[in-house]
Amino acid sequence: MPSTPDGNRTGPARRARRTHRVHVVSDVHGNARDLARAGDGADALICLGDLVLFLDYADHSRGIFPDLFGTRNADRLVELRTARRFDEARELGRRLWAGIEGDRAAVVEQAVRKQYAELFAAFPTPTYATYGNVDMPPLWPEYAGPGTTVLDGERVEIGGRVFGFVGGGLRTPMRTPYEISDEEYAAKIEAVGEVDVLCTHIPPEVPELVYDTVARRFERGSRALLDAIRRTRPRYALFGHVHQPLVRRMRIGATECVNVGHFASTGTPWVLEWG
């Protein structure tokens, strides 16, 4: 069942008004089974990206990488990345890919397409989605049905509230598919402007929000996002990306900042209600 919704006042006057309910997920990473139920009881589903599963850091046998190269090599890759030995991790990748027949990009795209076909079919209507850093935006138009609206640097009204969406991640040594420059990311934040709910894949650049306690590293958050939160004061800033954050929820001024969770492992959407 969905997690506990934001506290709304009760009483006859409150119950007489129309209540709106939105479920929010992020970091789906191949969990199509739970995604198919994620919108149950909601007026809309919001997805903050990372649909693709390249490698499951909790179960190294799952994902595109172990499918191609085996669990033992996945174990080694996770070990190197966790130790921040990125050059060695890339060298391991180069050696493994040298033994694969065919073009690397084509092999990855074929595997991603297989996952996207299942995941987009699981989206309820309506779904509002933006990209994660491991997603491949050029493929999304082929799989997003009429009930799925894809937004990036754009706004939409849901139940009388304005939601802004900014997808992707910032550049890192991991070199995931949809990493962009700080300047490009800041331009998308600026294009969204003032909204009631600011929806992004990555968190604002706050140490407690960007540190992953299991991976034992700071992920990249956005300074431009943090500045926009302080300047425009949305009611909520919702994001994912950091799977096991030091802090899942905190206030920045007037804004409630919420990591909506690692949906691949929890299978549980975060709930936002208002009326």
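The values are calculated or read from the model by the stated rules, or taken from the named source; none is laboratory data. What you see is a predicted model, and the numbers here were worked out from it, not measured in a lab. All Cβ positions, glycine included, derive from the backbone under ideal geometry; neighbour counts span all protein chains shown. With ligands, DNA and RNA removed, areas are computed over all heavy atoms of the protein, side chains included. Shrake-Rupley method; radii C 1.70, N 1.55, O 1.52, S 1.80 Å.
Here are the numbers:
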{"read-out": "Residues with amide H under 5 Å from that of residue 222, placed H, sequence gap 5 or more", "value": "205"}
{"read-out": "Angle between the chain longest axis and helix 223-232 axis [Cα atoms, degrees, rounded to 10]", "value": "0 degrees"}
{"read-out": "Percent antiparallel among DSSP beta bridges (both partners in the chain, rounded to 5)", "value": "40 percent"}
{"read-out": "Which of 52, 164, 254, positive extreme of dipole for the chain (C-beta unit charges)", "value": "254"}
{"read-out": "Built amide H within the under 5 Å cut-off of residue 37, gap 5+", "value": "none"}
{"read-out": "Volume per residue that the Cα convex hull of the range 60-119 spans, once the total is divided by residue count, Å³", "value": "88 Å³"}
{"read-out": "Inverse of mean 1/r across different Cα pairs in the range 182-239, Kirkwood, Å", "value": "11.8 Å"}
{"read-out": "Percent accessible area from carbon and sulfur atoms, the chain, protein chains only, probe 1.4 Å", "value": "48 percent"}
{"read-out": "Mean separation of Cα contacts under 8 Å, 6 or more apart, over the residue count of the chain: relative contact order %", "value": "24 percent"}
{"read-out": "Average accessible surface area per residue within the range 138-273, 1.4 Å rolling probe, Å²", "value": "43 Å²"}
{"read-out": "Between 0 and 90°, nearest 10: helix 104-122 axis offset from the chain longest Cα axis", "value": "30 degrees"}
{"read-out": "Rh by Kirkwood over Cα pairs, then Stokes-Einstein D for the range 219-275 at 1.567 mPa s and 4 °C, µm²/s", "value": "105 µm²/s"}
{"read-out": "Per-selection metrics, the range 98-249 (Cα): Rg and Dmax in Å", "value": "16.4, 54"}
{"read-out": "Calculated from backbone phi, Karplus (6.51, -1.76, 1.60) coupling profile of the range 43-52 in Hz, x at Gly/Pro", "value": "6, 7, 10, 10, 10, 9, x, 6, 6, 6"}
{"read-out": "Debye log10 I(q)/I(0) for the range 28-128, one point scatterer per Cα, at q = 0.14, 0.21, 0.24 Å⁻¹", "value": "-0.63, -1.07, -1.24"}
{"read-out": "Acute angle (nearest 10 degrees) that the helix 71-82 long axis makes with the longest principal axis of the chain, alpha-carbon atoms", "value": "60 degrees"}
{"read-out": "Long-range amide H partners of residue 144 with built H, under 5 Å", "value": "none"}
{"read-out": "Kirkwood Rh (inverse of mean 1/r, distinct Cα pairs), the range 114-188, angstrom", "value": "13.5 Å"}
{"read-out": "The chain, Cα convex hull volume normalised per residue, Å³", "value": "123 Å³"}
{"read-out": "Charged-residue dipole, Cβ positions (Lys, Arg, Asp, Glu), the range 78-168 about Cα centre, Debye nearest 20", "value": "240 debye"}
{"read-out": "Within the chain, longest stretch clear of exposed GluC sites (Glu not before Pro) (DSSP loop, no more than 16 other Cβ within 10 Å)", "value": "1-100"}
